[in-house]
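First comes the structure, then the notes that go with it.
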Amino acid sequence: MSVFKNIKKIISSEFFKHSAALLSSNAIAQLTGILIYPVITRLYSPEAFGEFNWLLSVTGVLSLFCTGRYGLAIVLSKSKQECAALFQLCMFLNLVVFFLSFLIILTGKTEIAACFDRNNLLSLLPFIPFILLLSGLWETLDHFFIHRKQYYAISVYNIMQSVGSSALKCLFGIKGFFQPGLIWGTILGRLVAIIAGVVACKSWMKELAKINLPQIKQVAKTYANFPKFEMPHSLLNMSANNLPVLLLSFYFGMEEIGLFSLAMILGFRPVFLFTSSIHQVLFRRASERVQKKEKIKGECVLFCKMCLTFILPAFVFILFIPGEVFAVLFGSKWAGVDFYLKLLLPGLFMSVIVASLAFVPDIFFKQKITMNIEIAHVILKAAALLSGIYFRDFNLAIILYCCVIPLIYTIRLIWYFHLIREYESSIARP
């Protein structure tokens, strides 16, 4: 009975309202994305998908440099002045990364493509600076909206980005853009959504435009742990997540990479949008409670129980969907996607819980330990993939990789609750 009382309490809480706003927008975005993929997979080949996801993997890793992870500090800022200074710092770092990446690719794109021994990647490199710029812009705006509890603006971005990019990918594919169509659809979809986000925060433009250099220098020092520890940790995390595409692309064909990439998209895209919505709300709520010396364990435990009750059955259901259903949905050239997706399911479920609670080390300033755990994570993932490469077996590499993911997530979850127990013991002392 106590569990149902707690659930009723959460439904009537501010947390639930904010989560509902974000999750409903994500549900619309995800439904649009999932429904459109059977069309996209018939317009683009697995090889084009592989090259496109190679580009997203590279920019996903490099995007962490765009703000130096100071964006997370915006959520924790204690005043409007601190928030504005951190916002300006992030924007400055983002522009620096954009111009540096532009110059590097302008002068050395041939050498970069040669490193991967794939000349067909040469045409993809000029897109990198612009994808990085848009990624940094949204990360900054996203955390600013969380700080101001403007979850509606985040919801608008999620819907516009998903619907816009999906529609444009289809349009460009029909018109014969093929591989560039996937990229242009992604870039223009993000751009339109970011413009909507900028319009949403125009009432704060005067506040954000007032540059205070001493304040910017001060917040850079105060929150120095984020670039020192959180950025390397996130870099390791992002590298580990994209390791299959980045590492296996040296040794196996882009068609195999494309099949596994689609499985990753079908699995991690809805999980990411779900966890990012929950993380955004829980992060803000938990940081406020910690500042007030209040307990946070109850809600974290309840969230885990709700995942076991409502989300786990959905993953079990997917496990028993026949492979023929995937072939009908995405086309015969995508046969084998179901095999990779089902391998990912245990790691996907654990990531729902762990990624949603990933704010725990941040609010207790334990970024250094988080980074050490992530190093171990990367080493284990790399060892799994290298084993498959050694035996020249792509499927073996993926199987071992998928075994490592839930193991590391379980260790991280245990550590998160250890930190929470330590904190609550400390505030309970007289």
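The values are calculated or read from the model by the stated rules, or taken from the named source; none is laboratory data. Note that the structure is a prediction, hence the values are computed from the model and not measured. All Cβ positions, glycine included, derive from the backbone under ideal geometry; neighbour counts span all protein chains shown.
Evaluation of Val271 against the conditions (1) within 28 Å of Ile159 (Cα to Cα); (2) modelled with pLDDT of 90 or more shows that the sole unmet condition is (2).
Only residues that are part of a helix (DSSP H, G or I), touching a residue at least 60 places away in the same chain (Cβ under 8 Å) and surrounded by fewer than 22 Cβ atoms within 10 Å (Cβ to Cβ): list them for the stretch 34-47, please.
Correct list: Ile34, Ile36, Tyr37, Pro38, Val39, Ile40, Thr41, Arg42, Leu43, Glu47.
Annotation note: of Leu396, Leu400, Leu380, Leu413, the sole residue that is in a helix (DSSP H, G or I), in contact with a Ser or Thr (Cβ under 6 Å, 6 or more places away or on another chain) and not polar (S, T, N, Q) is Leu400. Can we say Met205 is touching a residue at least 24 places away in the same chain (Cβ under 8 Å) and not polar (S, T, N, Q)? It is false that Met205 is touching a residue at least 24 places away in the same chain (Cβ under 8 Å) and not polar (S, T, N, Q). Just one residue in the set Val301, Val337, Val328, Val316 is of a type in the set (A, V, I, L, M), under 24 Å from the mean Cα position of the chain (by Cα) and under 22 Å from Gly50 (Cα atoms); that residue is Val337.
Residues that are under 20 Å from Trp415 (Cβ atoms) and polar (S, T, N, Q) number at least 2 in the following helices (runs of 4 or more DSSP H) confined to the stretch 307-374: 337-356. The condition of being of a type in the set (Ser, Thr, Tyr) and in contact (Cβ under 8 Å) with a residue 40 or more places away in the chain holds for only one of Thr67, Thr110, that being Thr67. With the structure loaded, tell me whether Asn237 is under 30 Å from Val39 (Cβ atoms), modelled with pLDDT under 85, part of a helix (DSSP H, G or I) and out of contact with any strand residue (DSSP E or B) (no Cβ under 7 Å at 6 or more places or on another chain) or whether it fails that test. Judged against the criteria, Asn237 is not a match.
Within the stretch 196-229, the residues that satisfy the criterion of being loosely packed, with under 13 Cβ neighbours inside 10 Å, in a helix (DSSP H, G or I) and modelled with pLDDT of 85 or more are Leu213, Pro214, Lys217, Lys221. Checked against (1) buried (at least 21 other Cβ atoms within 10 Å of the Cβ); (2) more than 18 Å from the chain's Cα centre (by Cα), Ile154 passes all but condition (2). Within the stretch 331-343, the set of residues being farther than 14 Å from Gly267 by Cβ and surrounded by 18 or more Cβ atoms within 10 Å (Cβ to Cβ) comprises Trp334, Gly336. Restricting attention to the stretch 247-293, the residues that are in a loop (DSSP other than H, G, I, E, B), in contact (Cβ under 8 Å) with a residue 24 or more places away in the chain and not small (Gly, Ala, Ser) add up to 4. Between Phe130, Phe145, the distinction of being in a helix (DSSP H, G or I), at pLDDT 90 or above and either under 30 Å from Ser287 (Cβ atoms) or not polar (S, T, N, Q) (or both) belongs to Phe130 only.
Is it the case that some residue within the stretch 24-35 is out of contact with any strand residue (DSSP E or B) (no Cβ under 6 Å at 6 or more places or on another chain) and either over 27 Å from Gly173 (Cα atoms) or at pLDDT 90 or above (or both)? The answer is yes, given that some residue of the stretch 24-35 is out of contact with any strand residue (DSSP E or B) (no Cβ under 6 Å at 6 or more places or on another chain) and either over 27 Å from Gly173 (Cα atoms) or at pLDDT 90 or above (or both).
If you take the residues of the stretch 302-313 that are surrounded by 11 or more Cβ atoms within 10 Å (Cβ to Cβ) and out of contact with any Leu (no Cβ under 9 Å at 6 or more places or on another chain), which of them is farthest from Leu259 (Cα to Cα)?
Applying the filter and picking the extreme gives Leu302.
Conditions tested, residue by residue: (1) farther than 19 Å from Ile146 by Cβ; (2) of a type outside the set (A, V, I, L, M, F, W, C); (3) buried (at least 17 other Cβ atoms within 10 Å of the Cβ); (4) modelled with pLDDT of 90 or more.
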| position | (1), (2), (3), (4) |
| --- | --- |
| Ser57 | yes, yes, yes, yes |
| Gly68 | no, yes, yes, yes |
| Leu103 | yes, no, no, yes |
| Ala113 | yes, no, yes, no |
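Scanning the stretch 344-395 for residues being surrounded by fewer than 21 Cβ atoms within 10 Å (Cβ to Cβ), of a type in the set (A, V, I, L, M) and more than 30 Å from Gly68 (Cβ to Cβ) gives a total of 3.
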